[in-house]
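The values are calculated or read from the model by the stated rules, or taken from the named source; none is laboratory data. Predicted model, so just to flag it, every value in this text is computed and none were measured. Virtual Cβ from ideal backbone geometry, glycine too; neighbours counted across all protein chains shown. For accessibility, only protein heavy atoms count, side chains too; no ligands or nucleic acids. Shrake-Rupley method; radii C 1.70, N 1.55, O 1.52, S 1.80 Å.
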Amino acid sequence: MKRPGVAILITVIISVVFAVLLQKNPAAFPTPLKKSHVPEEYIDLYREAAEEYEVQWELLAAVHRVETKFSTMETLESPKGAIGHYQFMPLTWIGWSYGGSRLGELDKDDLVDLTDLKLIDKYGGYGKDGNGDGKADPYNLTDAAYTAASYLSANGASEGRLKSALFAYNQSDEYVDEVLSFYNEYRENATVVKLKQ
């Protein structure tokens with residue numbers, strides 16, 4: 001024999017528990033980002049880096065969204081070896097003439113300081129010191145955004161060649177299409193939201 005009162009009581013209890021949890025920690029159950037959402041915290045950074053390298057801020061936002069979901073992923077290291085907020089391969093950051101794997105990884109025992117501006121200059125890397133602290137750190141969002149802007153610009157984005165610039169960033173047609181999808185959404189319907197509660 002079914003007891004509808006018990007089912008209703010359980011539903012009410014679950015609803016109350018969720019309401020209490022959300023009051024104590026509103027970020028415990030974050031609202032999923034919609035396609036048009038761009039975090040308010042990052043808009044100024046995107047604009048500054050984009051202006052420095054003559055690319056669109058929406059492009060930087062789109063790459064950041066696709067690479068690390070606006071730096072909200074649990075780890076900023078991919079299974080393929082890309083690192084930081086904008087997911088650069090270490091050799092792209094420090095310079096391919098440094099040596100390492102053909103996929104852009106450093107040798108496993110290599111303890112090189114990727115943030116060293118002199119090494120980046122010596123080996124022709126793209127790492128940039130966006131915040132002026134004397135280091136180019138892929139795990140520093142400002143440095144990573146400036147590096148992404150520089151890289152995209154150097155590969156044609158500043159001349160309007162977005163597809164080729166994005167393909168240089170990640171050699172995948174699916175990747176290019178996904179970033180361009182967010183880019184176009186931001187150009188037409190960007191909705192600024194607070195990412196952090």
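State the extension gain, in nm to one decimal, for the chain segment bounded by LYS118 and TYR139, taking 0.36 nm per residue of separation less the distance between their alpha-carbons. Show your work: numbers first, answer last.
Numbers: separation 21, 0.36 × 21 = 7.56 nm, distance 1.82 nm.
Contour length minus the Cα-Cα distance gives 5.7 nm.
What's the Cα-based Rg to Rh of region 51-197, Rh via Kirkwood?
In region 51-197, Rg relative to Rh is 0.96.
Which whole-angstrom value gives the distance between the alpha carbon centres of region 173-197 and region 104-156?
A separation of 24 Å, based on Cα centres.
Do any GluC sites (Glu not before Pro) in region 48-96 lie in a loop, going by DSSP, with at most 12 other beta-carbon atoms within 10 Å of their beta carbon, and if so which? Working shown, then result.
Working: sites: GLU48, GLU51, GLU52, GLU54, GLU58, GLU67, GLU74, GLU77; in loops: GLU54, GLU74.
Taking region 48-96 and a limit of 12 other Cβ atoms within 10 Å, the loop GluC sites (Glu not before Pro) found are GLU54, GLU74.
Between ARG47 and SER181, what is the label-point separation in nm under the 7 Å Cα-to-beta-carbon projection?
2.9 nm
For ASN189 paired with THR75, estimate the spin-label separation in nm (one decimal), with each label point 7 Å from Cα along the Cα-to-Cβ line.
It is 3.5 nm.
Compute the signed sum of charges (Lys and Arg +1, Asp and Glu -1) over the other residues within less than 12 Å, Cβ to Cβ, of SER158.
Numbers: positive: ARG161; negative: GLU51, GLU52, GLU54, GLU159.
Every neighbour counted, the sum reads -3.
When Lys and Arg each count +1 and Asp and Glu each count -1, what net charge do the other residues less than 13 Å away from LYS118, Cβ to Cβ, add up to?
Values: positive: LYS122, LYS135; negative: ASP113, ASP116, ASP121, ASP129.
After counting each charged neighbour, the total is -2.
How would region 113-180 be classified by its alpha-carbon gyration tensor: rounded, prolate or oblate, with rounded meaning a/c under 1.5 and the a/b versus b/c comparison settling the rest? Show your work: numbers first, answer last.
Details: a/c = 2.27, a/b = 2.09, b/c = 1.09.
The shape class here is prolate.
What ranking of ASP44, ASP109 comes out by heavy-atom accessible area, probe 1.4 Å, highest first? Show your work: numbers first, answer last.
Values: ASP44 105, ASP109 140 Å².
Result, largest first: ASP109, ASP44.
Across region 107-117, in residue order, what do the Karplus-derived ³J(HN,Hα) couplings come to in whole Hz, using 6.51 cos²θ - 1.76 cosθ + 1.60 with θ = phi - 60° and x for Gly and Pro?
4, 4, 8, 7, 10, 4, 8, 5, 8, 6, 4
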